[in-house]
Amino acid sequence: MPHSKNQLLARLGAEQLAQFSSHLKVVALGQGELIADTHGNVRKVYFPHSGIISCIVEMKGGHAIETGMIGNDGAFGAAQALDDKVSLNKVTMQVPGSASAIDADRLREAAERSNAFRTLLIEYELFMTAQVQQTAACNAVHSVQTRMCRWLLRMHELVGNDMPLTQEFLSEMIGVRRSSVTRVAGDMQKAGMISYTRGRLHIVDIELVTMNACECHDDVRSHYDRIMGGKPYSATLKL
Ligand SMILES: [Zn+2]
């Protein structure tokens, strides 16, 4: 079933997924596509199969910083669908891909019929809170290069060694001036970690990137495993 390409939906198991899969549609999402605007209504919930959804906080004066990344191990909009359907920040497609999409109302109905599905979505939201808190601490304490390496580890986990990326976008992701990104990216290129050509970034040596990353990638991963890991959602799901 294509929807099982998303790890959250796969956790439900085929039988339970089939209960609401007629409402899920596979959609292609282009680079830079707006998924939700700050304080905008969330009408659809996305369970990515590939690519990366990015949550970005925009400041007055033009500054913006990424606070969360969502890949095929997550979802966007589920908590909003259960509640008031408003997005807290700007959400865009950072790396193009595809997703299973469902109307927010249909998702809420499915979650209302199933304690296990609702629990899965709430636990994922708890993980997202952990990710955002870790990112806040990381941005305040860790150096630009260690943060960039952390960010690349997550990118590598979700899309592999190659990614479409402009330095302008990267500076938004890391939350520093473009000149700082250019300098650090140049240092990393000289050190043999990455190569960068117009609009595309390639990870040359993932071990070197791992060695130079701050601990936050591992910390976020362990939060995910602790909150989401090993739960037999399919065994307890009742629709
Ligand atoms: Zn960090």
| task | For the range 190-206, name all the residues that are assigned to a helix (DSSP H, G or I) and either within 22 Å of the chain's Cα centre (by Cα) or modelled with pLDDT under 95 (or both). | result | Ile206
| said: Quick test of your reading of the structure: Gly186 fulfils all but one of (1) free of Cβ contacts under 8 Å to residues at least 12 places away in the same chain; (2) in a strand (DSSP E or B). Name the failing condition by number. | reply: (2)
| task | Looking only at the range 146-167, decide whether some residue is in contact (Cβ under 8 Å) with a residue 24 or more places away in the chain, in a helix (DSSP H, G or I) and in contact with a Leu (Cβ under 6 Å, 6 or more places away or on another chain). | result | no
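Take Val159 and tell me if it is crowded, with 16+ Cβ neighbours inside 10 Å and either not basic (Lys, Arg) or not assigned by TED's automatic domain parsing to the domain that holds Gly77 (or both).
yes
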| query | Is there a residue in the range 107-121 that is assigned to a helix (DSSP H, G or I), under 14 Å from His217 (Cβ atoms), in contact (Cβ under 8 Å) with a residue 24 or more places away in the chain and away from the ligand (no atom under 16 Å from the Cβ)? | reply | no
| request: Scan the range 8-47 residue by residue and report those that are in contact with a strand residue (DSSP E or B) (Cβ under 9 Å, 6 or more places away or on another chain) and of a type in the set (S, T, N, Q). | output: Ser21, Gln31, Thr38, Asn41
| When only residues in the range 207-220 that are more than 11 Å from Thr146 (Cα to Cα) and exposed (fewer than 14 other Cβ atoms within 10 Å of the Cβ) count, which is modelled with the highest pLDDT? | Glu207
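Say whether the condition of being surrounded by fewer than 20 Cβ atoms within 10 Å (Cβ to Cβ), in contact (Cβ under 8 Å) with a residue 40 or more places away in the chain, out of contact with any Asp or Glu (no Cβ under 9 Å at 6 or more places or on another chain) and in a helix (DSSP H, G or I) is met by at least one residue in the range 95-102.
Looking through the range 95-102, none of the residues is surrounded by fewer than 20 Cβ atoms within 10 Å (Cβ to Cβ), in contact (Cβ under 8 Å) with a residue 40 or more places away in the chain, out of contact with any Asp or Glu (no Cβ under 9 Å at 6 or more places or on another chain) and in a helix (DSSP H, G or I).
The values are calculated or read from the model by the stated rules, or taken from the named source; none is laboratory data. Please read these numbers as outputs of a predicted model, since none were measured by experiment. Every residue, glycine among them, receives a Cβ derived from its backbone with ideal geometry; neighbour counts consider all protein chains shown.
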